[in-house]
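I have placed the structure first, in the form of structure tokens, so that the comments after it can refer back to it.
Nothing in this text is a laboratory measurement; each read-out follows from the coordinates by a stated rule. All values reported here derive from a predicted model rather than from experimental measurement. Glycine also receives a Cβ, built like all others from the backbone with ideal geometry; neighbour counts cover every protein chain displayed.
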Amino acid sequence: MSSILYKIAEENAFDLIDFRRLHGGDVNEIFHLKTNIGHRVVKLNNALKYPNMFKFEHKGLELLRMSNSFIVPKVFKSSTIDDTSYLMMEFIQSTEQKENFWEDFAFKLIKLHSCSRETFGLDFDNYIGSLKQINLSNKNSSEFYIESRLDPQFQMAIDRGFEFSNLNEFYSNISHEIPNEESALIHGDLWNGNYMVSDRGEAVLIDPAVAFASREMDLAMMKLFGGFADEVFEIYDENFPLIEGWKDRIEIWQLYYLLVHLNLFGKSYYPSVVRILDRYI
């Protein structure tokens, strides 16, 4: 792996002084580079297995940055060397949360979600985790969610041997539950592992799966695995009121993320998926 890092240094005209592995998994390996021009973070993966993943992540990070809401790592380059894709970003030193961290988080999330456009979707497909995420343009919130989020994941799960019944009835029923609020720019995968704390004690968003979608999706994901203070949701709703019944709709949005986890990690998520299906059939 070190040979790739030195090739990246050569391609980008800097000297690699030292490096250390930050973390990694089945998809990406992440390194902190010490160079003669400063510190960098580099993410690596298999270009053949995950084509254009970092290209789309780069575009997603730039969309988040353009919202002028959260701190977002600056991307220096995304490219490919020897069948290895890489994404090179600024290194952000992490520290403890500042005193009003969660209040600040809520208002920055409001600012992010205030970015809108006429249609739902995006002008490019991207990834959530290692799975492709489709972003078909649609003027209707529920149609976008069903066609570009739920149905592709259900079909993938069916192909992997999981069984579901009455999906068309389920789609029809939830389409009456989902309000057709205007689209919002969302992070798209906002669990507690996808934010960090900057050296100023403020939230930094990483690893986006962006789209223009229902803002309730981010809130639902934040609640799925926890790790966010209750005051975030209270301050958010007080200052950017959600449509009545949003708490009852949380499971509808969480279904997408549970399906993603079912397809990534297997059958332990199946009962949760079926329970939500049964609620609306």
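So what is the 222 nm mean residue ellipticity for the chain from helices alone, if each DSSP H run of at least 4 adds -39500 (n - 2.57) and you divide by all residues, rounding to the nearest 500 deg cm²/dmol?
On the way: 10 runs with 108 residues, N = 281.
So the helix-based figure for the chain works out to -11500 deg cm²/dmol.
Filter the chymotrypsin sites (Phe, Trp or Tyr not before Pro) in segment 116-154 down to the DSSP loop ones having no more than 16 other Cβ atoms within 10 Å, then list what survives.
Those that pass, being in a loop and sparsely packed, are F124.
Note down the net charge around L224, summing +1 for each Lys or Arg and -1 for each Asp or Glu among other residues with Cβ under 13 Å from its Cβ. Intermediate results must be reported in sequence, preceding the final value.
Details: positive: K223; negative: D189, E216, D218, E251.
After counting each charged neighbour, the total is -3.
From largest to smallest, what semi-axes in whole angstrom does segment 101-279 give when each is the square root of 5 times an eigenvalue of its alpha carbon gyration tensor?
Working from the Cα gyration tensor, I get semi-axes of 26, 18, 16 Å.
Would you mind counting up the charge near Y256? Only other residues with Cβ under 13 Å from its Cβ, with Lys and Arg at +1 and Asp and Glu at -1.
Working: positive: R149, R249; negative: E147, D151, D189, E216, D218, E251.
Once all neighbours under 13 Å are counted, the net charge is -4.
Local charge sum around L185 (other residues, Cβ-Cβ under 14 Å, Lys/Arg +1, Asp/Glu -1)?
Details: positive: K59, R65, K108, K111, R117, R215; negative: E62, E118, D123, E181, E182, D189, E216, D218.
Taking every Cβ under 14 Å from that of L185, the sum is -2.
Of the GluC sites (Glu not before Pro) in segment 63-143, which ones lie in a loop per DSSP and count no more than 12 other C-beta atoms within 10 Å? Display every interim value, and only then the final one.
On the way: sites: E90, E96, E99, E103, E118, E143; in loops: E96, E99, E118.
Loop-located and lightly packed - E96, E99, E118.
Which number do you get for Rg(Cα) / (2.2 N^0.38 Å) in segment 1-96?
On the way: Rg = 13.2 Å, N = 96, 2.2 N^0.38 = 12.5 Å.
Normalised Cα radius of gyration, segment 1-96: 1.06.
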